[in-house]
Amino acid sequence: MSRGFTVVVPARMASSRLPGKPLADIAGKPMVVRVAEQASRSAAREVIVATDHPDIVAACAEHGVRAVMTRADHASGTDRLAEVAATLGLADDEIIVNVQGDEPLIDPALIDRLAALMADSGVPMATLAHPIHSAADVFNPNVVKVVLDRTGRALYFSRAPIPYARDAFAQDVNVLPSELPVLRHIGMYAYQAGFLSTYTSLTPAPLETFEALEQLRVLWHGYPIMVATVADAPPAGVDTPDDLQRVRALFAARSANN
């Protein structure tokens, strides 16, 4: 991949299930710093934390991570990215990869794969998916599915089981046909910087409201989303106190082995 890219890590202080999540300690460093350090192992030319709280800016500065303040009233992480792109004065064709601030185990290779997809495809937005092998996951509304066209562009994202194997599921919904191409969406996105300002001008879509999936706004307004399929699911992020304890244990084990 010849073009460079920037990683932006949105980090909000408020969290209903884990208040102050970005500053949660993981092996002596705040979680948002751990995320930025992982992202910096990718080919990104810069990693920037975008936050709504001065304590996060201060914590990042303490560990040599660049952070910028954004408004606190953004409806989504995409809106926060748009403000960052405007603040930094990025060119319209610059590539921004959005890495969530609660994924301290994110694989840098996934970041590179997504940035390369953007550079090669010329679409305004891209994301990732991986195959589902469990019928329980197919029918789980918390597992977001995506179906693609023959070129790898998203046709639709849904919490419903798509595509639906009518005949097979009529026999047994607990058995997933081996040939059924069911993909789980991985919630990491890349954008052309210029498209972010376009996104913020788009009206919310009815489908987006029903499914509670903001990427449907993009499809509903006729913009393409390219999807790269990877073999395996990435490590889970941190949403709950139990998740935090799991990640802390992993980092502790790594330290013990080094």
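The values are calculated or read from the model by the stated rules, or taken from the named source; none is laboratory data. The structure presented is a predicted model; accordingly, all values stated were derived computationally and were not measured. When we count neighbours, we look across all protein chains shown, and the Cβ atoms used for this are built from the backbone with ideal geometry, even at glycine. All accessible areas refer to the heavy atoms of the entire protein, side chains included, with ligands and DNA or RNA removed. Shrake-Rupley method; radii C 1.70, N 1.55, O 1.52, S 1.80 Å.
Only helices (runs of 4 or more DSSP H) wholly contained in the range 161-252 count here; list those with 1 or more residues that are at pLDDT below 95, open to solvent by 60 Å² or more (accessible area, probe 1.4 Å) and more than 16 Å from residue 131 (Cβ to Cβ).
166-171, 193-201, 206-211
Filter the range 100-131 down to the residues that are open to solvent by 10 Å² or more (accessible area, probe 1.4 Å) and hydrophobic (A, V, I, L, M, F, W, C), then identify the one that is farthest from residue 192 (Cα to Cα).
105
Going through the range 36-54 one residue at a time, which ones are acidic (Asp, Glu) and not in a helix (DSSP H, G or I)?
Result: 46, 52.
Matching residues to (1) closer than 15 Å to residue 237 by Cα; (2) open to solvent by 40 Å² or more (accessible area, probe 1.4 Å); (3) of a type outside the set (Phe, Trp, Tyr):
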{"position": "22", "(1), (2), (3)": "yes, no, yes"}
{"position": "39", "(1), (2), (3)": "yes, no, yes"}
{"position": "42", "(1), (2), (3)": "no, no, yes"}
{"position": "47", "(1), (2), (3)": "no, no, yes"}
{"position": "62", "(1), (2), (3)": "no, yes, yes"}
{"position": "72", "(1), (2), (3)": "no, yes, yes"}
{"position": "80", "(1), (2), (3)": "no, no, yes"}
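When residues of the range 112-160 are filtered for being outside any loop (DSSP other than H, G, I, E, B), under 19 Å from residue 179 (Cβ atoms) and in contact with a strand residue (DSSP E or B) (Cβ under 8 Å, 6 or more places away or on another chain), how many remain?
Going through the range 112-160 one residue at a time, the tally reaches 10.
Could you check the range 1-35 and list, in sequence order, the residues that are part of a loop (DSSP other than H, G, I, E, B) and of a type in the set (A, V, I, L, M)?
1, 13, 14, 18, 24, 27
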